[in-house]
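Here's the structure we're looking at; comments come further down.
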Amino acid sequence: MKTLEFFIKHYENFAAYYSISYVILYLLLALMSYLAIKKYYNSKYYLHKDVLVKSNHTVGVSIIAPAYNESATIVYNVKSLLSQEYPKFEVIIINDGSTDNSLELLISEFSLVKVDFFYQEKIVTKPVKAHYKSTNPIYSKLLVIDKVNGNGKADATNAGINSAKYSLFLCTDVDCILRKDAVAILAKPFIENTEKVIATGATIRTSNSCEFKDGELYKSHYPKNFFAGFQELEYIRAFIFGRMAWSKMNSLLLVSGGLGMFDKETVIKVGGYWHKSLGEDFELITRIRKYMHDKKEDFLIKYIPETLCWTEVPSTMDLFMKQRTRWSRGLIQTLFLHRKVFLNPKYGKTGMLAFPYFVFFEFVVPVLEVIGLAVLLLDFLYFDINYNFLLIVSAFIYLFYTTVTLLSVLLDQLIYQHYSNIKEIFRLIVLAFLEPFIYHPLNVYASLKGYWNYMIRKKQKWGVMSRKGFKNSTQLQ
(Lines give C-alpha, C1' and ligand atoms only; values in the text may rest on other atoms or scores of the structure.)
Protein backbone atom coordinates (compact mmCIF):
# COMPACT_ATOMS: atom_id res chain seq x y z
CA MET A 1 0.00 0.00 0.00
CA LYS A 2 2.89 2.36 0.76
CA THR A 3 4.35 1.68 -2.68
CA LEU A 4 1.00 2.51 -4.27
CA GLU A 5 0.69 5.69 -2.22
CA PHE A 6 4.23 6.69 -3.22
CA PHE A 7 3.43 6.14 -6.91
CA ILE A 8 0.17 8.10 -6.74
CA LYS A 9 1.78 11.04 -4.93
CA HIS A 10 4.63 11.31 -7.41
CA TYR A 11 2.37 10.83 -10.40
CA GLU A 12 0.11 13.64 -9.19
CA ASN A 13 3.14 15.95 -8.88
CA PHE A 14 4.32 14.94 -12.34
CA ALA A 15 0.84 15.49 -13.79
CA ALA A 16 0.65 18.96 -12.23
CA TYR A 17 4.00 20.07 -13.72
CA TYR A 18 3.16 18.45 -17.05
CA SER A 19 -0.20 20.25 -17.22
CA ILE A 20 1.43 23.59 -16.44
CA SER A 21 4.01 23.00 -19.18
CA TYR A 22 1.27 22.08 -21.62
CA VAL A 23 -0.70 25.25 -20.87
CA ILE A 24 2.38 27.47 -21.21
CA LEU A 25 3.34 25.81 -24.49
CA TYR A 26 -0.16 26.20 -25.88
CA LEU A 27 -0.21 29.88 -24.97
CA LEU A 28 3.13 30.40 -26.72
CA LEU A 29 1.85 28.58 -29.82
CA ALA A 30 -1.31 30.69 -29.78
CA LEU A 31 0.72 33.92 -29.58
CA MET A 32 3.04 32.86 -32.40
CA SER A 33 0.08 31.79 -34.54
CA TYR A 34 -1.53 35.19 -34.11
CA LEU A 35 1.68 36.98 -35.04
CA ALA A 36 2.20 34.69 -38.04
CA ILE A 37 -1.35 35.22 -39.31
CA LYS A 38 -1.00 38.99 -38.87
CA LYS A 39 2.28 38.98 -40.77
CA TYR A 40 0.79 36.88 -43.56
CA TYR A 41 -2.08 39.27 -44.19
CA ASN A 42 0.18 42.32 -43.95
CA SER A 43 2.45 40.91 -46.66
CA LYS A 44 -0.16 39.00 -48.64
CA TYR A 45 0.13 41.27 -51.65
CA TYR A 46 3.92 41.40 -51.76
CA LEU A 47 3.56 39.20 -54.83
CA HIS A 48 -0.09 39.37 -55.85
CA LYS A 49 -1.57 36.09 -57.00
CA ASP A 50 -2.91 37.83 -60.13
CA VAL A 51 0.70 38.23 -61.29
CA LEU A 52 1.03 34.45 -61.20
CA VAL A 53 -2.35 33.81 -62.79
CA LYS A 54 -1.67 36.12 -65.76
CA SER A 55 1.98 35.24 -66.30
CA ASN A 56 3.04 32.77 -68.97
CA HIS A 57 6.44 32.30 -67.33
CA THR A 58 5.32 31.09 -63.93
CA VAL A 59 6.32 27.76 -62.42
CA GLY A 60 4.32 24.72 -63.57
CA VAL A 61 2.29 22.57 -61.14
CA SER A 62 1.06 18.98 -61.48
CA ILE A 63 -2.12 18.27 -59.49
CA ILE A 64 -2.01 14.61 -58.42
CA ALA A 65 -5.19 12.92 -57.20
CA PRO A 66 -5.47 9.13 -56.63
CA ALA A 67 -8.90 7.56 -57.12
CA TYR A 68 -10.25 4.25 -55.90
CA ASN A 69 -13.88 3.35 -56.59
CA GLU A 70 -15.00 6.98 -56.94
CA SER A 71 -17.53 6.43 -59.74
CA ALA A 72 -20.33 8.33 -57.98
CA THR A 73 -18.57 11.70 -58.11
CA ILE A 74 -15.35 11.32 -60.07
CA VAL A 75 -16.50 13.18 -63.20
CA TYR A 76 -17.74 16.17 -61.19
CA ASN A 77 -14.59 16.30 -59.07
CA VAL A 78 -12.19 16.02 -62.01
CA LYS A 79 -13.95 18.96 -63.69
CA SER A 80 -13.53 20.86 -60.44
CA LEU A 81 -9.78 20.19 -60.41
CA LEU A 82 -9.51 21.28 -64.04
CA SER A 83 -11.09 24.64 -63.23
CA GLN A 84 -8.04 26.06 -61.43
CA GLU A 85 -7.17 29.69 -62.28
CA TYR A 86 -3.53 29.13 -63.11
CA PRO A 87 -1.73 29.35 -66.46
CA LYS A 88 0.52 26.30 -66.25
CA PHE A 89 -0.82 23.16 -64.61
CA GLU A 90 -1.92 19.61 -65.33
CA VAL A 91 -4.31 17.27 -63.54
CA ILE A 92 -3.15 13.69 -63.05
CA ILE A 93 -5.82 11.22 -61.95
CA ILE A 94 -4.55 7.79 -60.89
CA ASN A 95 -7.10 5.01 -61.16
CA ASP A 96 -5.65 2.79 -58.44
CA GLY A 97 -7.12 -0.54 -59.52
CA SER A 98 -10.75 0.49 -59.00
CA THR A 99 -13.25 -2.37 -59.07
CA ASP A 100 -16.13 -0.11 -60.15
CA ASN A 101 -16.55 1.76 -63.44
CA SER A 102 -14.52 4.85 -62.49
CA LEU A 103 -12.12 4.46 -65.40
CA GLU A 104 -14.91 3.82 -67.93
CA LEU A 105 -16.70 6.97 -66.81
CA LEU A 106 -13.54 9.02 -67.24
CA ILE A 107 -12.89 7.57 -70.69
CA SER A 108 -16.44 8.32 -71.80
CA GLU A 109 -16.82 11.80 -70.30
CA PHE A 110 -13.41 13.18 -71.24
CA SER A 111 -12.93 11.36 -74.58
CA LEU A 112 -9.82 9.57 -73.38
CA VAL A 113 -7.58 7.35 -75.49
CA LYS A 114 -4.47 5.37 -74.63
CA VAL A 115 -1.24 7.16 -75.46
CA ASP A 116 2.42 6.23 -75.69
CA PHE A 117 3.88 7.78 -72.57
CA PHE A 118 7.55 7.97 -71.59
CA TYR A 119 7.18 6.67 -68.04
CA GLN A 120 10.27 6.72 -65.82
CA GLU A 121 9.82 4.79 -62.61
CA LYS A 122 11.99 7.01 -60.43
CA ILE A 123 9.93 5.82 -57.46
CA VAL A 124 9.07 2.11 -57.50
CA THR A 125 5.31 1.43 -57.62
CA LYS A 126 2.86 -1.29 -58.52
CA PRO A 127 2.73 -1.79 -62.32
CA VAL A 128 1.24 1.00 -64.41
CA LYS A 129 -1.01 -0.44 -67.12
CA ALA A 130 -1.73 2.60 -69.30
CA HIS A 131 -1.79 6.38 -69.66
CA TYR A 132 -4.78 8.20 -71.16
CA LYS A 133 -5.11 11.65 -72.72
CA SER A 134 -8.18 13.41 -74.09
CA THR A 135 -8.88 13.94 -77.77
CA ASN A 136 -10.88 17.01 -76.75
CA PRO A 137 -8.65 20.15 -76.58
CA ILE A 138 -10.76 21.45 -73.69
CA TYR A 139 -9.33 18.69 -71.51
CA SER A 140 -5.74 18.88 -72.74
CA LYS A 141 -4.50 19.38 -69.16
CA LEU A 142 -5.89 16.01 -68.03
CA LEU A 143 -3.77 12.85 -67.75
CA VAL A 144 -5.29 9.62 -66.43
CA ILE A 145 -3.13 6.72 -65.21
CA ASP A 146 -4.48 3.20 -64.86
CA LYS A 147 -2.45 1.01 -62.51
CA VAL A 148 -2.58 -2.08 -60.33
CA ASN A 149 -3.91 -1.39 -56.85
CA GLY A 150 -1.19 -0.49 -54.38
CA ASN A 151 -3.22 -0.91 -51.17
CA GLY A 152 -3.07 2.74 -50.21
CA LYS A 153 -2.82 6.31 -51.42
CA ALA A 154 0.99 6.43 -51.26
CA ASP A 155 1.68 4.01 -54.11
CA ALA A 156 -0.85 5.72 -56.40
CA THR A 157 0.57 9.16 -55.62
CA ASN A 158 4.08 7.93 -56.40
CA ALA A 159 2.89 6.80 -59.84
CA GLY A 160 1.52 10.31 -60.35
CA ILE A 161 4.85 11.85 -59.30
CA ASN A 162 6.67 9.62 -61.81
CA SER A 163 4.33 10.86 -64.53
CA ALA A 164 4.35 14.56 -63.56
CA LYS A 165 6.00 16.93 -66.03
CA TYR A 166 6.27 19.99 -63.78
CA SER A 167 8.76 20.78 -60.99
CA LEU A 168 6.04 21.24 -58.36
CA PHE A 169 3.20 18.87 -57.58
CA LEU A 170 0.06 19.32 -55.53
CA CYS A 171 -1.06 16.21 -53.68
CA THR A 172 -4.81 16.06 -53.02
CA ASP A 173 -7.72 13.63 -52.96
CA VAL A 174 -10.02 13.27 -55.93
CA ASP A 175 -13.03 13.95 -53.70
CA CYS A 176 -11.60 17.25 -52.41
CA ILE A 177 -12.93 20.58 -53.68
CA LEU A 178 -10.17 23.16 -54.17
CA ARG A 179 -10.62 26.88 -54.23
CA LYS A 180 -10.14 28.26 -57.75
CA ASP A 181 -6.92 30.02 -56.77
CA ALA A 182 -5.53 27.22 -54.56
CA VAL A 183 -2.65 26.37 -56.91
CA ALA A 184 -1.66 30.04 -57.30
CA ILE A 185 -1.62 30.69 -53.55
CA LEU A 186 0.25 27.49 -52.69
CA ALA A 187 2.84 28.18 -55.41
CA LYS A 188 3.59 31.73 -54.21
CA PRO A 189 6.02 30.79 -51.39
CA PHE A 190 8.12 28.75 -53.85
CA ILE A 191 8.56 31.89 -55.98
CA GLU A 192 8.85 34.74 -53.50
CA ASN A 193 11.31 33.18 -51.00
CA THR A 194 15.07 33.23 -51.55
CA GLU A 195 15.51 30.10 -49.40
CA LYS A 196 14.54 26.75 -50.90
CA VAL A 197 10.89 25.96 -50.19
CA ILE A 198 10.20 22.24 -50.26
CA ALA A 199 6.53 22.14 -49.24
CA THR A 200 3.49 24.32 -48.58
CA GLY A 201 0.14 23.56 -47.01
CA ALA A 202 -3.06 25.43 -46.20
CA THR A 203 -6.24 25.21 -44.18
CA ILE A 204 -8.71 22.42 -44.91
CA ARG A 205 -12.34 22.52 -43.82
CA THR A 206 -15.19 20.05 -43.82
CA SER A 207 -17.42 19.94 -46.89
CA ASN A 208 -20.26 18.22 -45.00
CA SER A 209 -23.43 20.36 -45.35
CA CYS A 210 -21.67 22.92 -47.60
CA GLU A 211 -23.15 23.87 -50.96
CA PHE A 212 -21.01 23.68 -54.11
CA LYS A 213 -21.74 24.98 -57.57
CA ASP A 214 -19.67 24.49 -60.74
CA GLY A 215 -16.82 22.91 -58.79
CA GLU A 216 -16.41 25.61 -56.14
CA LEU A 217 -17.86 26.59 -52.79
CA TYR A 218 -21.21 28.33 -53.17
CA LYS A 219 -22.29 28.62 -49.55
CA SER A 220 -20.52 27.50 -46.38
CA HIS A 221 -22.54 25.86 -43.63
CA TYR A 222 -21.61 24.45 -40.26
CA PRO A 223 -22.02 20.63 -40.45
CA LYS A 224 -25.35 19.40 -39.18
CA ASN A 225 -23.94 15.95 -38.46
CA PHE A 226 -22.85 15.31 -34.85
CA PHE A 227 -19.36 13.95 -35.64
CA ALA A 228 -18.71 16.32 -38.53
CA GLY A 229 -19.59 19.29 -36.32
CA PHE A 230 -16.97 18.42 -33.71
CA GLN A 231 -14.39 17.79 -36.44
CA GLU A 232 -15.03 21.24 -37.92
CA LEU A 233 -14.33 22.68 -34.48
CA GLU A 234 -11.17 20.60 -34.19
CA TYR A 235 -9.95 21.65 -37.65
CA ILE A 236 -10.42 25.34 -36.84
CA ARG A 237 -8.40 25.05 -33.64
CA ALA A 238 -5.63 22.92 -35.19
CA PHE A 239 -5.14 25.07 -38.27
CA ILE A 240 -5.52 28.47 -36.59
CA PHE A 241 -3.66 27.85 -33.33
CA GLY A 242 -1.25 25.13 -34.32
CA ARG A 243 0.23 24.92 -37.75
CA MET A 244 0.76 28.65 -38.22
CA ALA A 245 2.94 28.70 -35.10
CA TRP A 246 5.06 25.79 -36.31
CA SER A 247 5.32 27.41 -39.73
CA LYS A 248 6.56 30.64 -38.15
CA MET A 249 9.32 28.65 -36.41
CA ASN A 250 10.01 26.72 -39.62
CA SER A 251 9.32 23.54 -37.67
CA LEU A 252 6.19 22.30 -39.44
CA LEU A 253 6.16 18.51 -39.33
CA LEU A 254 2.80 17.87 -40.95
CA VAL A 255 1.35 18.97 -44.28
CA SER A 256 -2.06 17.43 -44.82
CA GLY A 257 -2.30 14.69 -47.44
CA GLY A 258 -5.47 16.35 -48.70
CA LEU A 259 -3.69 19.55 -49.71
CA GLY A 260 0.08 19.80 -49.93
CA MET A 261 2.38 21.23 -52.61
CA PHE A 262 5.90 19.83 -52.89
CA ASP A 263 9.17 20.29 -54.71
CA LYS A 264 9.16 17.19 -56.94
CA GLU A 265 12.93 16.77 -57.13
CA THR A 266 13.27 16.68 -53.33
CA VAL A 267 10.44 14.17 -52.91
CA ILE A 268 11.97 11.87 -55.53
CA LYS A 269 15.37 12.07 -53.83
CA VAL A 270 13.90 10.85 -50.53
CA GLY A 271 12.04 8.01 -52.26
CA GLY A 272 8.53 9.44 -52.48
CA TYR A 273 5.67 8.42 -50.24
CA TRP A 274 6.31 5.27 -48.22
CA HIS A 275 3.71 2.74 -49.33
CA LYS A 276 3.70 0.96 -45.95
CA SER A 277 3.03 4.13 -44.01
CA LEU A 278 -0.22 4.55 -42.11
CA GLY A 279 0.31 8.31 -41.95
CA GLU A 280 2.09 8.97 -45.22
CA ASP A 281 1.82 12.77 -45.05
CA PHE A 282 3.40 13.01 -41.58
CA GLU A 283 6.07 10.43 -42.43
CA LEU A 284 7.06 12.11 -45.72
CA ILE A 285 7.59 15.55 -44.14
CA THR A 286 9.61 13.99 -41.31
CA ARG A 287 11.79 12.13 -43.83
CA ILE A 288 12.26 15.22 -45.99
CA ARG A 289 13.32 17.34 -43.01
CA LYS A 290 15.70 14.60 -41.92
CA TYR A 291 17.18 14.44 -45.43
CA MET A 292 17.67 18.21 -45.65
CA HIS A 293 19.41 18.29 -42.27
CA ASP A 294 21.68 15.41 -43.34
CA LYS A 295 22.60 17.40 -46.46
CA LYS A 296 23.07 20.54 -44.33
CA GLU A 297 20.86 22.51 -46.71
CA ASP A 298 18.64 25.41 -45.64
CA PHE A 299 14.95 24.94 -46.39
CA LEU A 300 11.46 26.22 -45.61
CA ILE A 301 8.10 24.50 -45.18
CA LYS A 302 5.36 27.13 -45.26
CA TYR A 303 1.76 27.09 -44.10
CA ILE A 304 -0.93 29.41 -45.47
CA PRO A 305 -3.78 30.46 -43.14
CA GLU A 306 -6.46 30.46 -45.83
CA THR A 307 -9.07 27.83 -46.53
CA LEU A 308 -8.17 26.42 -49.93
CA CYS A 309 -9.73 22.97 -49.71
CA TRP A 310 -12.93 21.30 -48.53
CA THR A 311 -13.14 17.59 -47.80
CA GLU A 312 -15.79 15.27 -46.46
CA VAL A 313 -15.09 13.98 -42.96
CA PRO A 314 -16.46 10.82 -41.29
CA SER A 315 -20.06 11.24 -40.24
CA THR A 316 -20.59 8.01 -38.27
CA MET A 317 -18.98 6.51 -35.19
CA ASP A 318 -17.61 3.58 -37.18
CA LEU A 319 -15.94 5.70 -39.87
CA PHE A 320 -14.64 8.20 -37.33
CA MET A 321 -13.02 5.49 -35.21
CA LYS A 322 -11.44 3.88 -38.29
CA GLN A 323 -9.92 7.17 -39.37
CA ARG A 324 -8.61 8.23 -35.95
CA THR A 325 -7.30 4.75 -35.15
CA ARG A 326 -5.32 4.78 -38.40
CA TRP A 327 -4.02 8.28 -37.63
CA SER A 328 -2.73 7.15 -34.23
CA ARG A 329 -1.11 4.07 -35.78
CA GLY A 330 0.54 6.36 -38.30
CA LEU A 331 1.78 8.62 -35.49
CA ILE A 332 3.47 5.87 -33.48
CA GLN A 333 4.80 4.21 -36.64
CA THR A 334 6.49 7.43 -37.82
CA LEU A 335 7.86 8.33 -34.40
CA PHE A 336 9.37 4.86 -34.01
CA LEU A 337 10.72 4.77 -37.57
CA HIS A 338 12.53 8.11 -37.18
CA ARG A 339 13.39 7.76 -33.49
CA LYS A 340 17.05 8.73 -34.10
CA VAL A 341 15.80 12.29 -34.76
CA PHE A 342 14.48 12.61 -31.19
CA LEU A 343 16.46 15.25 -29.23
CA ASN A 344 19.31 14.95 -31.73
CA PRO A 345 21.02 18.37 -32.26
CA LYS A 346 22.13 17.23 -35.71
CA TYR A 347 18.53 17.69 -36.88
CA GLY A 348 18.12 21.24 -35.60
CA LYS A 349 14.59 22.38 -34.83
CA THR A 350 13.22 19.10 -36.15
CA GLY A 351 15.09 17.03 -33.58
CA MET A 352 15.05 19.48 -30.69
CA LEU A 353 11.62 21.07 -31.03
CA ALA A 354 9.07 19.63 -33.48
CA PHE A 355 9.75 15.91 -33.04
CA PRO A 356 9.85 16.06 -29.19
CA TYR A 357 6.55 17.96 -29.26
CA PHE A 358 4.90 15.12 -31.14
CA VAL A 359 6.35 12.62 -28.67
CA PHE A 360 5.52 14.47 -25.45
CA PHE A 361 2.29 16.27 -26.40
CA GLU A 362 0.70 14.21 -29.18
CA PHE A 363 1.71 10.61 -28.53
CA VAL A 364 1.98 10.61 -24.73
CA VAL A 365 -1.12 12.66 -23.79
CA PRO A 366 -3.77 9.91 -24.32
CA VAL A 367 -1.68 7.48 -22.24
CA LEU A 368 -1.24 9.98 -19.41
CA GLU A 369 -4.95 10.78 -19.37
CA VAL A 370 -5.88 7.13 -18.86
CA ILE A 371 -3.22 6.69 -16.17
CA GLY A 372 -4.56 9.85 -14.53
CA LEU A 373 -8.08 8.41 -14.40
CA ALA A 374 -6.74 5.19 -12.89
CA VAL A 375 -4.80 7.17 -10.26
CA LEU A 376 -7.91 9.19 -9.45
CA LEU A 377 -9.92 5.99 -8.97
CA LEU A 378 -7.27 4.48 -6.68
CA ASP A 379 -7.10 7.72 -4.74
CA PHE A 380 -10.86 7.62 -4.28
CA LEU A 381 -10.86 3.96 -3.15
CA TYR A 382 -7.87 3.88 -0.83
CA PHE A 383 -6.76 7.40 0.08
CA ASP A 384 -8.15 10.80 0.93
CA ILE A 385 -8.82 13.13 -1.99
CA ASN A 386 -8.55 16.87 -1.73
CA TYR A 387 -11.84 17.51 -3.52
CA ASN A 388 -11.46 21.29 -3.47
CA PHE A 389 -8.07 21.09 -5.15
CA LEU A 390 -9.35 18.54 -7.67
CA LEU A 391 -12.31 20.76 -8.51
CA ILE A 392 -10.13 23.85 -8.97
CA VAL A 393 -7.63 22.05 -11.21
CA SER A 394 -10.37 20.39 -13.29
CA ALA A 395 -12.22 23.67 -13.74
CA PHE A 396 -9.02 25.46 -14.76
CA ILE A 397 -8.14 22.85 -17.38
CA TYR A 398 -11.69 22.79 -18.73
CA LEU A 399 -11.95 26.58 -18.95
CA PHE A 400 -8.50 26.87 -20.54
CA TYR A 401 -9.32 24.24 -23.15
CA THR A 402 -12.67 25.86 -23.92
CA THR A 403 -11.21 29.38 -24.03
CA VAL A 404 -8.60 28.35 -26.59
CA THR A 405 -11.32 26.78 -28.73
CA LEU A 406 -13.57 29.84 -28.47
CA LEU A 407 -10.67 32.16 -29.37
CA SER A 408 -10.02 30.00 -32.41
CA VAL A 409 -13.67 30.29 -33.44
CA LEU A 410 -13.63 34.06 -32.86
CA LEU A 411 -10.44 34.59 -34.84
CA ASP A 412 -11.69 32.33 -37.62
CA GLN A 413 -14.95 34.23 -37.91
CA LEU A 414 -13.28 37.65 -37.79
CA ILE A 415 -10.82 36.74 -40.55
CA TYR A 416 -12.78 34.43 -42.83
CA GLN A 417 -16.49 34.92 -41.96
CA HIS A 418 -17.36 31.44 -43.18
CA TYR A 419 -20.70 31.43 -41.38
CA SER A 420 -23.21 34.17 -42.07
CA ASN A 421 -25.90 32.47 -40.00
CA ILE A 422 -25.83 33.40 -36.30
CA LYS A 423 -27.53 30.11 -35.46
CA GLU A 424 -24.59 28.15 -36.93
CA ILE A 425 -22.05 30.20 -34.98
CA PHE A 426 -24.04 29.66 -31.78
CA ARG A 427 -24.08 25.90 -32.40
CA LEU A 428 -20.31 25.99 -32.87
CA ILE A 429 -19.94 27.75 -29.51
CA VAL A 430 -22.20 25.23 -27.75
CA LEU A 431 -20.15 22.32 -29.10
CA ALA A 432 -17.00 24.02 -27.83
CA PHE A 433 -18.33 23.62 -24.28
CA LEU A 434 -19.44 20.03 -24.88
CA GLU A 435 -16.30 18.86 -26.70
CA PRO A 436 -14.19 17.97 -23.60
CA PHE A 437 -16.95 15.69 -22.30
CA ILE A 438 -18.12 14.01 -25.51
CA TYR A 439 -15.70 14.29 -28.40
CA HIS A 440 -12.34 14.34 -26.62
CA PRO A 441 -12.85 10.97 -24.83
CA LEU A 442 -13.62 9.37 -28.19
CA ASN A 443 -10.34 10.70 -29.57
CA VAL A 444 -8.45 9.34 -26.58
CA TYR A 445 -10.04 5.93 -27.01
CA ALA A 446 -9.25 5.90 -30.74
CA SER A 447 -5.63 6.84 -30.04
CA LEU A 448 -5.16 4.07 -27.49
CA LYS A 449 -6.84 1.58 -29.79
CA GLY A 450 -4.46 2.61 -32.58
CA TYR A 451 -1.43 2.18 -30.31
CA TRP A 452 -2.69 -1.25 -29.27
CA ASN A 453 -3.32 -2.34 -32.85
CA TYR A 454 0.14 -1.25 -33.94
CA MET A 455 2.22 -2.52 -31.01
CA ILE A 456 0.31 -5.62 -29.87
CA ARG A 457 -1.81 -6.80 -32.78
CA LYS A 458 0.72 -5.60 -35.41
CA LYS A 459 -2.23 -4.45 -37.50
CA GLN A 460 -0.99 -2.23 -40.33
CA LYS A 461 -3.66 -2.25 -43.04
CA TRP A 462 -5.12 1.00 -44.33
CA GLY A 463 -8.71 -0.19 -44.44
CA VAL A 464 -11.59 1.17 -46.51
CA MET A 465 -13.90 4.03 -45.54
CA SER A 466 -17.11 4.86 -47.33
CA ARG A 467 -18.07 8.46 -48.11
CA LYS A 468 -21.37 9.94 -49.15
CA GLY A 469 -19.76 12.32 -51.62
CA PHE A 470 -21.45 15.47 -52.89
CA LYS A 471 -24.22 13.58 -54.63
CA ASN A 472 -24.25 9.88 -53.88
CA SER A 473 -22.16 7.43 -51.86
CA THR A 474 -18.65 6.56 -52.94
CA GLN A 475 -15.60 4.84 -51.53
CA LEU A 476 -12.37 6.26 -50.20
CA GLN A 477 -9.44 3.89 -50.02
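Just a few scattered comments:
- Evaluated at q = 0.13, 0.17, 0.21 Å⁻¹, the base-10 log of the normalised Debye intensity for the range 273-402, with identical point scatterers placed on the Cα atoms, takes the values -0.82, -1.09, -1.26.
- The range 210-320, relative contact order in percent, only Cα pairs under 8 angstrom and at least six apart counted: 30
- Greater than 24 Å apart at Cα, pairs in Lys153/Lys269; Lys264/Lys295; Lys129/Lys196; Lys39/Lys165; Lys129/Lys153; Lys147/Lys290: Lys129/Lys196; Lys39/Lys165; Lys147/Lys290
- Gyration tensor (alpha-carbon) shape descriptor, the range 98-221, a/c threshold 1.5: oblate
- Candidate residues Lys349, Lys147, Lys296: accessible-area rank, largest first, probe 1.4 Å: Lys296, Lys349, Lys147
- Annotation: Tyr222 carries an accessible surface of approximately 10 Å², with a 1.4 Å probe and no ligand, DNA or RNA atoms counted.
- For Glu306, the solvent-accessible surface computed with a 1.4 Å probe is close to 10 Å², ligands and nucleic acids excluded.
- Shape of the range 330-460 from the C-alpha gyration tensor: oblate (a/c of 1.5 or more and a/b not above b/c, with a ≥ b ≥ c the square roots of its eigenvalues).
- Of the residues Arg339, Arg289, ranked by 1.4 Å probe accessible area with the largest first, the sequence reads Arg339, Arg289.
- Helix runs (DSSP H) in the chain reaching 24 Å along axis by Cα, Kyte-Doolittle at least 0.0: 2-42, 364-382, 387-416, 422-455
- Across the chain, Cα-Cα distances exceeding 30 Å account for 47% of all pairs.
- In loop segments of the range 79-128 as defined by DSSP, the GluC sites (Glu not before Pro) with at most 12 further C-beta atoms inside 10 Å of their C-beta are Glu121.
- Measuring nothing but how far apart in sequence close Cα pairs (under 8 Å, 6+ apart) lie, relative to its length, the chain scores a relative contact order of 18 percent.
- Probe 1.4 Å - accessible area at Arg205, Å² to nearest ten: 10
- The range 289-308-the range 187-232 distance, computed between alpha-carbon centres (Å): 20
- Taken as Cα centroids, the range 126-182 and the range 247-280 sit 17 Å apart, rounded to the nearest whole angstrom.
- Share of carbon and sulfur in the accessible heavy-atom surface of the chain [1.4 Å probe, %]: 61
- Every helix of 4 or more DSSP H residues in the chain counts as -39500 (n - 2.57), and over all residues that averages to -16000 deg cm²/dmol at 222 nm.
- Think of each Lys and Arg Cβ as +1 and each Asp and Glu Cβ as -1; about the Cα centre, that makes the dipole of the chain roughly 820 debye.
- A cut-off of 5 Å between modelled amide H atoms, ignoring neighbours fewer than 5 places along the same chain, links Val313 with Ser207, Asn208.
- Summed side-chain charge close to Phe361 - residues other than Phe361 whose Cβ falls under 15 Å, Lys, Arg +1, Asp, Glu -1: 0
- Residue-wise HN-Hα couplings along the range 350-356, as the Karplus relation 6.51 cos²θ - 1.76 cosθ + 1.60 with θ = phi - 60° gives them from phi, are 4, x, 9, 10, 5, 4, x Hz; Gly and Pro carry x.
- Accessible heavy-atom area order of Lys188, Lys126, highest first, probe of 1.4 Å: Lys126, Lys188
- Total formal charge among the other residues, if their Cβ is under 14 angstrom from that of Arg427, Lys/Arg +1 and Asp/Glu -1: -1
The values are calculated or read from the model by the stated rules, or taken from the named source; none is laboratory data. Note that the structure is predicted; figures quoted are calculated from it, not measured. Cβ sites come from the backbone with ideal geometry, for glycine too, and all protein chains shown count toward neighbours. Calculation scope for accessible area: heavy atoms of the full protein, side chains included, ligands and nucleic acids excluded. Shrake-Rupley method; radii C 1.70, N 1.55, O 1.52, S 1.80 Å.
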